Amino acid sequence: MPEPRGRMFFANPGPTNIPDSVLHACARASIDFNDNAFFAVYEQCVAGVKRVLRTKADVFFYTASGHGAWEASMLNLFSKGDVLLVIETGHFSESWAKMGRALGLTIESVAADWRRGVDIAAVEAALRADTTHRIKAVCAVHNETAAGTMLPIPAVRAAMDAAAHPALLLADTISSLGSLPFEMDAWGIDVMVGGSQKGLMLPTGFSFNGVSAKAMEAHKHATLPRHYFDWSEMLTRRHKSFIGTVPTTLFYGLQEALRLIEEEGLENVWARHTRLARAVRAAVNHWAGNGGGVELFCQNADRASDSVTAIMLPDGHNADAVRATCRNQFNVSLGAGLNKLAGKVFRIGHLGDLNEPMILGTLASVEMALKINNVPHRAGGVGAAMDAL
Ligand code: PLP
């Protein structure tokens, strides 16, 4: 089958659309990463990332996708057998927990319905029950990309404080950073996990951890084996990061991406994501009509994600068929269902470099694909999205 014509509408929840100016900024000849001309750009980028994270903490970068920063957060903080409390959100909380087990950590979890999100009182109860403070850290995925749900990190922090528990708070902000409000310092986050290819609008290729002073103290006592990800080792380097070659071209792209974010204003970026997300949810709720057809996977309006929406199909219908129609006939790329949601949901990513016509075009294509695949829905979702906008 020939490739469909026209520019692809890329509605995946990461990687995301890369603005042309960022692509052009990445198109640079190689430069020695110790060259002063690059080092100046690098330092500007580190300062800019800290502004987006809303932190004054150290930030360590790795040439790795988000999994690298996940692994770095564990290797640098813990010792064999340490207990971590992972808040269940969906596929990505499960994957982080699986990584912890593979690294020799003991994982306990606060179970949750993926469609409704965790009961914060259950997090507090688990911490209160831990009277001997075995739990070394609480791991929270701020935005569960697989379920299209958002976990309110300030509420998690409040639960930890209410239980007077000294555990570290680790927050994965891979699909929320630069899209949803995120405040590393004000929210009392000890370690954040981020990546290049979502809200920062860059190619996949680096990830990073912001690390609080409390976490740096814990790091001194951690004994899991590490080398490439070792924060202490990094602090001895000129870049205070990267045990290896720095991906210079990505930093030229990052410089431009940060310029775009700051030109728009970070709060305005967040507001744009909220506005576009509401339009997507209005369309899906319209399609859902009185029930029996497609519906939002997230059943808790307070926890709906403003960067990705998962849409569930009724039994007997295949979400991957809808995705295939969108991709093959309309050149619209949607995210697949992951883990136990494979084939049951598809996902519309609405984060990064995105505007109203891109969302409306995507929704129109999805509605056509629902019709082509005979998936029950109430026609007219795009109008509902327009009204919401
Ligand atoms: N955490 C979340 C919330 C994610 O969405 C992803 C990837 O989509 C990851 C972790 C893993 O990151 P990566 O695929 O960049 O390794």
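Name the residue, out of LEU351, LEU296, that is open to solvent by less than 20 Å² (accessible area, probe 1.4 Å), of a type outside the set (S, T, N, Q) and within 27 Å of PHE92 (Cα to Cα).
Within the list LEU351, LEU296, the selection yields LEU351.
Suppose the filter is open to solvent by 10 Å² or more (accessible area, probe 1.4 Å) and either closer than 19 Å to VAL211 by Cα or within 16 Å of the ligand (Cβ to nearest atom) (or both); does SER79 pass it?
yes
Can you find a residue in the range 182-194 that is more than 14 Å from the ligand (Cβ to nearest atom) and farther than 30 Å from PRO166 by Cα?
no
From the list ALA379, ALA277, which residue is small (Gly, Ala, Ser) and open to solvent by less than 40 Å² (accessible area, probe 1.4 Å)?
On inspection, the qualifying residue turns out to be ALA277.
Name every residue in the range 58-76 that is among the charged types (D, E, K, R) and within 13 Å of the ligand (Cβ to nearest atom), in order of residue number.
Hit for the range 58-76 is GLU71, nothing else.
Restricting attention to the range 192-214, and to residues there that are out of contact with any Pro (no Cβ under 8 Å at 6 or more places or on another chain) and farther than 17 Å from GLY68 by Cβ, which single residue is surrounded by the most Cβ atoms within 10 Å (Cβ to Cβ)?
Filtering the range 192-214 for residues that are out of contact with any Pro (no Cβ under 8 Å at 6 or more places or on another chain) and farther than 17 Å from GLY68 by Cβ, the one surrounded by the most Cβ atoms within 10 Å (Cβ to Cβ) comes out as GLY199.
Looking at the range 114-153, which of its residues are within 16 Å of the ligand (Cβ to nearest atom) and surrounded by fewer than 20 Cβ atoms within 10 Å (Cβ to Cβ)?
Once the filter is applied, which keeps residues that are within 16 Å of the ligand (Cβ to nearest atom) and surrounded by fewer than 20 Cβ atoms within 10 Å (Cβ to Cβ), the range 114-153 yields only PRO152.
Quick test of your reading of the structure: ARG101 fulfils all but one of (1) touching a His at 6+ places or on another chain (Cβ under 9 Å); (2) under 16 Å from HIS67 (Cα atoms); (3) of a type in the set (Lys, Arg). Name the failing condition by number.
All conditions pass for ARG101, except number (1).
Name the residues in the range 2-16 that are touching a Phe, Trp or Tyr at 6+ places or on another chain (Cβ under 8 Å) and open to solvent by less than 30 Å² (accessible area, probe 1.4 Å), would you?
Residues satisfying the conditions are PRO4, THR16.
Regarding ILE189, is this residue within 20 Å of PHE92 (Cβ to Cβ), open to solvent by 20 Å² or more (accessible area, probe 1.4 Å) and not in a strand (DSSP E or B)?
Here the answer is no, as ILE189 does not meet what is asked.
Mind listing whichever residues of the range 114-158 are charged (D, E, K, R) and free of Cβ contacts under 8 Å to residues at least 60 places away in the same chain?
ASP119, GLU124, ARG128, ASP130, ARG134, ARG157
Tell me, which strands (runs of 3 or more DSSP E) lie completely within the range 91-179 with 1 or more residues that are closer than 15 Å to ILE189 by Cα?
The strands (runs of 3 or more DSSP E) meeting that bar are 135-141, 168-172.
For the range 352-389, which positions are of a type in the set (A, V, I, L, M) and in contact with an Asp or Glu (Cβ under 8 Å, 6 or more places away or on another chain)?
ALA379, VAL382, LEU389
Out of curiosity, is PHE208 within 13 Å of the ligand (Cβ to nearest atom), in contact with a helix residue (DSSP H, G or I) (Cβ under 8 Å, 6 or more places away or on another chain) and in a strand (DSSP E or B)?
So PHE208 passes the test.
Could you please let me know if ASP315 is assigned to a loop (DSSP other than H, G, I, E, B) and surrounded by fewer than 16 Cβ atoms within 10 Å (Cβ to Cβ)?
yes
Looking at the range 221-242 only, could you name the residues that are open to solvent by less than 20 Å² (accessible area, probe 1.4 Å) and either in contact with a Gly (Cβ under 6 Å, 6 or more places away or on another chain) or of a type outside the set (Phe, Trp, Tyr) (or both)?
If the condition is that a residue be open to solvent by less than 20 Å² (accessible area, probe 1.4 Å) and either in contact with a Gly (Cβ under 6 Å, 6 or more places away or on another chain) or of a type outside the set (Phe, Trp, Tyr) (or both), then ALA222, LEU224, MET234, HIS239, SER241 are the ones that fit.
With the condition kept exactly as written, say whether any residue in the range 239-246 is in contact (Cβ under 8 Å) with a residue 12 or more places away in the chain and part of a helix (DSSP H, G or I).
Checked the range 239-246: no residue is in contact (Cβ under 8 Å) with a residue 12 or more places away in the chain and part of a helix (DSSP H, G or I).
Confirm whether HIS24 is touching a strand residue (DSSP E or B) at 6+ places or on another chain (Cβ under 9 Å), open to solvent by 50 Å² or more (accessible area, probe 1.4 Å) and closer than 26 Å to VAL269 by Cα.
Spelling it out, it is not the case that HIS24 is touching a strand residue (DSSP E or B) at 6+ places or on another chain (Cβ under 9 Å), open to solvent by 50 Å² or more (accessible area, probe 1.4 Å) and closer than 26 Å to VAL269 by Cα.
The values are calculated or read from the model by the stated rules, or taken from the named source; none is laboratory data. Everything numeric here is computed off the predicted structure, so don't read it as measured data. So basically every Cβ, Gly included, is an ideal-geometry build from the backbone, and we count neighbours across all protein chains shown. Accessible surface is based on the protein model in full, side chains and every heavy atom, while ligands, DNA and RNA are left aside. Shrake-Rupley method; radii C 1.70, N 1.55, O 1.52, S 1.80 Å.
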